[in-house]
Structure formats: structure tokens, C-alpha cells
Amino acid sequence: MISKITSAEMAVQQEYMKKVAELNAQRAQPPVAHVHSFGCQQNVSDGEKIKGMLAMMGYGFSSSPEGADLVLFNTCAVRENAEDRVFGNLGALKKAKHQYPDMLIGICGCMVQQEHITQRIRRSFPHTDIIFGTHVLHTMPQIIYEAMTTRKRQISIPDCDGVIAEGIPLRRESTLKASIPIMYGCNNFCTYCIVPYVRGRERSRDAEDIIRECRELVQGGCKELLLLGQNVNSYGKNIGTSFSELLKRINDIDGEFRISYMTSHPKDATRELVDTIAECEKVTRHFHLPVQSGSSRILKQMNRGYTREQYLELIGYVRERLPDVALTSDIIVGFPGETYEDFCETLSLIKQVGYDSLFTFIYSPRKGTKAAEMPDPISAEEKGRWFRELLEVQQEIGCSSYRSYVGQTLRVLCEGEGRTDPSLLTGKSRQNIIVDFDGSKELIGSFVDVKITEALAWALKGKIV
Ligand code: 5AD
Ligand code: SF4
């Protein structure tokens with residue numbers, strides 16, 4: 001069952017925040033926390049809640065675990081390498097915990113929602129003080145209080161379909177760009193994916209709560225609102241509204257700002273949604289439409305709910321209604337049973353679509369998913385070769401798509417100094433493409449028109465007009 005956390009329950013957590021803050025105030029020095037969020041935007045957004053609660057409890061923050069009083073790993077379970085990194089980081093803290101027994105070490109997020117992972121942590125990482133799952137994030141103050149006062153390991157991983165908790169304090173990563181979760185969980189059960197098992201069933205936040213948050217952000221000077229969900233296209237299904245409706249309402253908020261969204265599922269991206277995006281001038285011209293594979297046979301095995309042809313038809317409509325759109329996608333290479341012929345269909349699809357950029361992954365078996373039980377005869381070396389071939393093909397496509405922007409004038413949200421060249425300014429176009437240009441620092445935080453003069457591998461260069 002999905003439950004909405006009541007304000008009374010949230011008030012209890014507020015009390016725990018105060019209690020921990022009182023304990024922390026007695027320390028000789030203000031305590032420091034190191035929070036590391038792995039994985040997707042949703043997790044980064046959870047990290048902002050974690051930091052928001054910790055700040056209320058009196059913690060400052062450090063970018064390294066060294067010398068921290070509290071270390072918390074907010075984990076990702078989508079692929080094995082993300083999990084391996086967490087185990088590596090956790091193992092590396094064994095010595096520190098031995099030296100400073102008062103230090104608290106915690107692990108939370110998607111990884112610990114899996115029974116076999118929790119067992120491994122209990123067995124092999126006994127220096128872990130706190131373990132809590134995705135559905136009890138809002139109870140973190142209580143968990144930390146208990147860990148501090150009882151000195152006993154705290155484990156909280158209730159098995160449920162998910163919760164919605166409003167009113168958790170936030171410590172946002174940026175004042176210019178804000179992430180706003182609009183829904184949580186996923187019902188799609190793509191056969192390779194662990195997300196539905198670790199994040200629970202699909203559930204949407206109330207539109208009023210989202211609009212209020214967006215309005216406050218815009219009034220506070222925020223210039224980009226990133227609407228987040230595993231599948232934003234199914235927003236509002238159970239509460240009598242829709243993603244299109246939500247976009248229109250946010251678009252109606254006064255001010256110059258952008259609305260972006262992540263992630264769309266192609267099976268739920270309707271023509272009506274594309275029409276809405278075309279009508280809403282504040283919505284970015286960047287459509288991330290993860291295709292995963294160009295082979296209808298593999299798409300069926302993946303339980304994606306569309307064929308290659310249906311996907312291409314959708315892309316055709318997106319290009320027709322949004323001629324200045326940038327398209328990006330996720331691709332999985334080496335899904336169980338994929339043949340080189342299937343892979344070649346992926347190559348032909350990416351050539352046909354002409355993506356601006358791709359997120360590419362080698363298939364990683366996830367325990368408990370259907371695909372993990374499927375025969376997978378292709379060797380890791382072979383998959384590696386296919387993967388490199390994909391990267392080469394995409395590099396060519398990406399470069400030619402970037403070159404097509406040369407000569408155009410793009411509206412750019414100036415975000416700061418250039419990453420590689422601090423004498424330049426950098427920002428993002430409406431297509432979500434990095435644009436570097438010359439200009440004075442006062443422009444940071446505003447929109448400027450930039451004429452593109454040069455296409456680099458991962459960015460564009462231009463001059464303010
Ligand atoms: N193996 C490899 N890639 C995966 N993804 C999700 N699950 C797996 C997996 N088991 C990729 C998909 C998804 C992105 C977020 O991660 O491409 O769109
Ligand atoms: Fe995973 Fe598919 Fe849900 Fe995306 S839509 S989170 S890939 S199950």
C-alpha cells in the first residue's frame with residue numbers, strides 16, 4: 001500500500017531533528033557530515049533532502065569522508081559497478097571507524113532495498129551503524145538519534161509499496177537550477193531493471209504541492225525547474241491529472257525560467273504531450289527518450305511496450321512539432337540473447353534518429369529481475385567490442401549534430417565560469433547543450449543570446465549577440 005506521511009508523523013521527525021541538534025550542540029566542535037549520492041537525478045534529489053535534514057540537526061558538510069563525524073552513502077542499484085564502488089568506499093572506512101569509534105557510518109537508498117545486499121553489509125561490513133531503505137528517508141532524524149543514543153546498529157528497511165512525504169527540509173545543490181520530484185517509483189518492470197523492486201510502485205505528488213514549490217523557486221530566483229520521475233509521462237494517472245496538465249500549469253507561472261523533465265518512457269509519450277511541449281514556451285527543447293535497443297525482438301524481451309517502428313514514428317512526430325529539439329537516449333548493449341544482428345539494428349536506429357548524445361551501458365544482471373534468469377551466451381569481451389563500436393558510431397553522429405548548430409543563435413542560461421577555461425562563461429542552451437562564450441561574470445544567472453561559432457566534441461562555443 002502507498003501511504004502519504006501525515007503532518008503529525010513529520011512533526012515527530014522535527015522533534016528528533018531538534019533532539020539531535022541539542023546533542024550536537026554539546027560537542028566541542030560543530031559536527032561535519034559527508035554525504036555521497038550515487039546514481040541518477042532522483043538520488044541526487046534524495047541527497048538534497050538528506051542534507052536538508054542534517055543541516056537542521058546541526059551538521060556542516062565536507063566533500064571527503066576524512067575526519068567526518070557522519071558518513072552516509074546514498075546508493076544506486078541500477079548496475080553492478082555502482083554497487084561495487086559503494087562496497088569499496090564502505091570497506092575503506094573500516095580503519096577510520098576503528099580509530100574514531102564515535103564516527104557514524106550509514107548506507108541508504110536503492111542498494112539496501114535488496115535482501116542479499118543487506119545481508120552482505122551485515123556480514124562483511126560490521127562497522128556500518130545505520131542502514132535504511134528508500135521508503136523511510138523521512139525518518140532519518142529518528143534513526144540517527146537512536147544510533148547516537150543507543151550505540152546500537154539501526155536497520156530500517158520496511159517492505160512496502162512506497163510513501164509520499166511532503167515537507168522534508170531541503171539543501172539544494174544550486175540556486176539557479178532546482179530538481180523537483182513529481183512522482184516516485186515505477187510500475188513498468190522492464191525485465192533488466194531493478195528500479196520497480198527498490199523504489200516501489202508509481203505514485204504522484206499532488207499538483208498543488210508541486211506548483212507551490214515551483215512558484216516559490218521561481219520567486220527566489222531559480223531559472224530552471226527540472227521535473228523528476230522514473231517515468232514522468234505517467235504523472236497524475238491515479239490522481240486525475242496528467243503530465244501535460246502539470247506542464248501547462250507550471251508554464252503559466254510568471255517569469256523567465258525553463259522547465260525540463262526526466263525521464264520519459266516512449267510508450268507513454270503521447271502526441272498530446274508533444275503538442276503540449278510545443279505550446280509551452282518555457283519547456284526545454286530537449287527530449288530524452290530512452291530507446292534501449294533498436295531491435296523489436298529485444299524490445300519485446302525487455303518488456304518495453306513499443307516496437308522499433310512505433311518508436312521511430314514517435315521521433316518523427318517530435319521532430320515535426322519541435323524542429324529545434326535535441327534528442328538523447330539510453331542504450332543497453334548485450335542484453336541476454338542479443339545477437340550481433342540485433343545490435344546492428346540499434347546502430348541503424350541511432351543513425352536514423354541522429355541523437356545529440358547517448359548514455360550507453362553494458363547490460364548488468366540484477367538479481368531478482370526476469371532478465372537475470374535469461375540465457376546470456378555472449379562473452380563480456382564480445383559485448384565490450386560492440387560497446388566500443390556503438391561509441392564510435394555515436395561520436396560521429398553527435399559531432400555532425402553539434403556542427404549543425406554553428407551559425408545559429410541560441411538562448412543560453414549562463415551558469416558560471418567555464419569548466420576547462422575559467423576566462424570563459426558557460427551555460428546551457430534550450431536544447432540542454434553546453435555553450436561556452438566570452439562575457440562578464442555579472443551575466444551568471446541570466447539568460448543571454450549566443451551566436452554559435454564552433455562545435456567541440458561535448459560543447460558549443462559562441463559569442464554574445
Ligand atoms: N544493465 C545496464 N543498464 C541498465 N539500465 C537500467 N538497468 C540496467 C541494467 N540492468 C540503464 C537503462 C536505463 C538507465 C537509467 O540505466 O538504459 O534507462
Ligand atoms: Fe526501470 Fe523501465 Fe521503470 Fe525505467 S521504466 S525505471 S528502465 S523499469
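The values are calculated or read from the model by the stated rules, or taken from the named source; none is laboratory data. Only a predicted model underlies this, so the values are computations on that prediction, with no experimental measurement involved. Heads up, the Cβs are rebuilt from the backbone with ideal geometry, glycines too, and the neighbour counts pull from every protein chain shown. Calculation scope for accessible area: heavy atoms of the full protein, side chains included, ligands and nucleic acids excluded. Shrake-Rupley method; radii C 1.70, N 1.55, O 1.52, S 1.80 Å.
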Looking at the stretch 197-233, which of the residues that are within 15 Å of ligand 1 (Cβ to nearest atom) and over 15 Å from the mean Cα position of the chain (by Cα) is surrounded by the most Cβ atoms within 10 Å (Cβ to Cβ)? N233
Take the stretch 164-190 and flag every residue that is under 30 Å from M302 (Cα atoms) and part of a loop (DSSP other than H, G, I, E, B). I182, G185, C186, N187, N188, F189, C190
Which condition number does G439 fail, the rest of (1) open to solvent by less than 40 Å² (accessible area, probe 1.4 Å); (2) part of a helix (DSSP H, G or I); (3) modelled with pLDDT under 95 being met? (2)
Within the stretch 412-434, does at least one residue satisfy the condition of being in a helix (DSSP H, G or I) and either not hydrophobic (A, V, I, L, M, F, W, C) or not assigned by TED's automatic domain parsing to the domain that holds V325 (or both)? no
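Can you find a residue that is among the hydroxyl-bearing types (S, T, Y) and part of a helix (DSSP H, G or I) anywhere in the stretch 19-39?
No, the conditions are met nowhere in the stretch 19-39.
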Would you tally the residues in the stretch 84-105 being open to solvent by less than 10 Å² (accessible area, probe 1.4 Å) and either under 21 Å from the mean Cα position of the chain (by Cα) or within 17 Å of R199 (Cβ to Cβ) (or both)? 1
Expected output for the stretch 35-56 (first residue under 25 Å from K19 (Cβ atoms), partner within 16 Å of ligand 2 (Cβ to nearest atom), Cβ below 7 Å, 6+ apart or cross-chain) is D46/G109
Of the residues in the stretch 122-156 that are of a type in the set (A, V, I, L, M) and touching a helix residue (DSSP H, G or I) at 6+ places or on another chain (Cβ under 7 Å), the one that is surrounded by the most Cβ atoms within 10 Å (Cβ to Cβ) is I144
Condition first: among the hydrophobic types (A, V, I, L, M, F, W, C), out of contact with any strand residue (DSSP E or B) (no Cβ under 9 Å at 6 or more places or on another chain) and near ligand 2 (Cβ under 9 Å from one of its atoms). Now tell me which residues in the stretch 179-221 satisfy that. C186, F189, C193, I194, V195
Which pairs turn up if I take residues in the stretch 251-271 that are more than 25 Å from I433 (Cα to Cα) and look for partners that are part of a loop (DSSP other than H, G, I, E, B) with beta carbon separation below 6 Å, at least 6 apart in sequence or on another chain? K267/G305; K267/Y306
I105 fails exactly one of the following numbered conditions: (1) in a helix (DSSP H, G or I); (2) out of contact with any Gly (no Cβ under 7 Å at 6 or more places or on another chain); (3) without any contact (Cβ under 8 Å) to a residue 60 or more places away in the chain. What is the number of that condition? (1)
If you check K49 against the conditions, is it of a type in the set (D, E, K, R), at pLDDT 95 or above and more than 28 Å from S264 (Cβ to Cβ)? no
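If you check R304, R308, which single one turns out to be more than 21 Å from R366 (Cα to Cα) and among the charged types (D, E, K, R)? Don't jump to the end; show me each part of the working.
Details: R304 fails: more than 21 Å from R366 (Cα to Cα).
Every option except R308 fails the conditions.
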Pick out the one residue from G368, G316 that is more than 15 Å from ligand 2 (Cβ to nearest atom) and open to solvent by 20 Å² or more (accessible area, probe 1.4 Å). G316
Restricting to the stretch 54-80, count the residues that are under 21 Å from the mean Cα position of the chain (by Cα), closer than 18 Å to I107 by Cβ and either among the polar types (S, T, N, Q) or in a loop (DSSP other than H, G, I, E, B) (or both). 6
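Against the definition (over 24 Å from the mean Cα position of the chain (by Cα), more than 22 Å from G58 (Cβ to Cβ), modelled with pLDDT of 95 or more and not aliphatic (A, V, I, L, M)), how does H127 come out, yes or no? Walk me through how you get there before you give the answer.
On the way: over 24 Å from the mean Cα position of the chain (by Cα): yes; more than 22 Å from G58 (Cβ to Cβ): yes; modelled with pLDDT of 95 or more: yes; not aliphatic (A, V, I, L, M): yes.
So H127 fits the description; yes.
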By residue number, the members of the stretch 415-436 that are more than 17 Å from G398 (Cα to Cα), open to solvent by less than 50 Å² (accessible area, probe 1.4 Å) and under 23 Å from the mean Cα position of the chain (by Cα) are G416, T426, G427
Specify the residue that is farthest from L410 (Cα to Cα); the eligible residues are those in the stretch 446-463 that are open to solvent by 20 Å² or more (accessible area, probe 1.4 Å) and in a loop (DSSP other than H, G, I, E, B). A457
